[in-house]
Amino acid sequence: MQLSMLEQMSTQNLYDLREQHRKNLSMLAQQAGQWGAGSVPAETQAQISQTQAMIEQINLVLGQRGHNHQNDPARGASLQAVLEHYRQQAPVQNTGTVNLNNSSVYGVVAGVNTGTITVDQHSGQAASSLQQAADMIQHLLPMARSQRSPFRHALSDAEVAVSDALNAQRNGDDQQRLIQQARADLQEFAQYPEIHQLLSLLR
């Protein structure tokens, strides 16, 4: 996203967009933690770098408006420092199916959990990524429409597919076809950092 586009956004929208990018970095940091800082795949490192650069741009615009309250790692910070910072920022959250006393709870389980809790990690990650993609689209779409961004129509189509995929997920139906449809809608605009991030969430 170009700096000029950020400068035209409202301060609240900038805060919302920054929060979404911070959530994306938290998720990427969790993924990177599976490998360790010395062996993070190049694609994940690139996503982390792009997301960090976007946060720096947002902070720059907010700083110009007198909003200097931010605690993101400075440019040039080591990958280890960035990963550690955003892993600490990640909320405690289990998403997926949690079995308690032979019954199932669907959705987010937050806070202190005692006893034996079984979480399907694969479906949990899928749910989290899909919900993050939906949230990101909701933040990007109004701005893309107001700025007449070239990907605004594709983003609108993807919003419908992702929403349908979330509904399918809640109903226990297969959502992969809908996720692939959303990816197909956006693939043409993968060179834009925000679309690239969306595609990384739609798996």
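A few comments on the model shown:
- Stretched out straight at 0.36 nm per residue, the stretch from MET5 to GLN30 would grow longer than its current Cα-Cα span by 6.0 nm.
- For region 8-87, the share of accessible area belonging to carbon and sulfur comes to 48 percent (1.4 Å probe, ligands and nucleic acids excluded).
The values are calculated or read from the model by the stated rules, or taken from the named source; none is laboratory data. If you're wondering where the values come from, they're calculated on a predicted model, not measured in any experiment. Quick note on the areas: whole protein, heavy atoms, side chains included, nothing else; ligands and nucleic acids left out. Shrake-Rupley method; radii C 1.70, N 1.55, O 1.52, S 1.80 Å.
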